[in-house]
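Student: Questions regarding the structure given below will be posed in turn.
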Amino acid sequence: MSAIYILWLRELKRYTRSRVQIVASLGQPMLYLLVLGFGMGPVFQRAGAGSYLQFVAPGVIGMTVLFSSIFSGLGLLWDRQFGFLKETLVAPVPRLQIMIGRTLGGATVAVIQGLLVTLVCVIAGFRPVNLVIFPVVLVFMILIAAVFAALGVAIGSSLQDMQGFQLIMNFLVMPIFFLSGALFPLAGLPKALTWATSADPLSYGIDGMRSVLLGVSHYGAALDVEVLVVVAAVLLVFGAHRFSKIEI
């Protein structure tokens with residue numbers, strides 16, 4: 001358990017000691033929130049769908065948690081390149097504990113960034129419909145972070161160098177985001193796109209946050225939680241398996 005705590009703490013320290021990283025992590029979410037939120041607002045209102053800023057804010061929060069958590073897992077590539085991973089793996093600690101510590105650390109950082117973006121959204125004009133159950137949003141942030149931190153560890157354990165990083169970004173992370181319904185409603189989509197969004201775990205995380213923050217849900221909050229818990233468990237097992245196969 002001490003190894004899990006040490007690795008979890010290491011991930012937090014690596015994030016919090018860099019103010020530049022904290023500020024930079026808010027750049028892309030603010031761009032989506034302000035440019036799309038205010039730019040697409042008039043079109044969304046003319047369609048009779050209300051405020052686009054209200055609609056897109058949970059999606060931007062989910063995007064922040066997704067990017068932060070999955071790239072924390074891909075940080076394995078950096079550690080492998082600079083030798084820290086080898087030092088960790090040769091320590092007399094079960095690899096499962098190492099994997100859990102890294103995953104928890106990455107997920108915690110992702111949730112912190114999600115909370116910071118939530119604050120930015122509120123400053124920009126986003127208004128949750130029920131502040132009493134607002135803490136439930138943390139549950140969905142944690143589940144999203146656990147799912148994609150575990151996926152990042154699995155991918156980072158499978159790649160040998162940084163050559164595949166851009167490939168992962170273009171063909172996995174961005175489709176996960178764009179197919180999640182973060183930027184558009186999930187109702188009334190073509191059948192093929194409906195299947196694609198239903199197979200995307202992030203869809204359930206963002207839908208769950210919308211159910212809490214806006215009182216509107218496509219799948220239902222209960223189903224959102226169930227899917228995220230199952231996917232997180234599967235990816236944690238898969239990530240642990242891939243991590244155990246890393247060769248020093």
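We did not get these values from a lab; they are worked out from the coordinates using the rules stated. Not measured: the values here are computed from a predicted model. Positions of Cβ are backbone-derived with ideal geometry, glycine not excepted, and every protein chain shown enters the neighbour counts.
Student: Taking the number of other C-beta atoms within 10 Å as the exposure measure, put I70, I155 in order starting with the fewest.
Tutor: I155, I70
Student: Output the direction-averaged projected area (hull surface divided by four) of the convex hull of the alpha-carbon atoms of the range 192-248, in nm².
Tutor: 5.2
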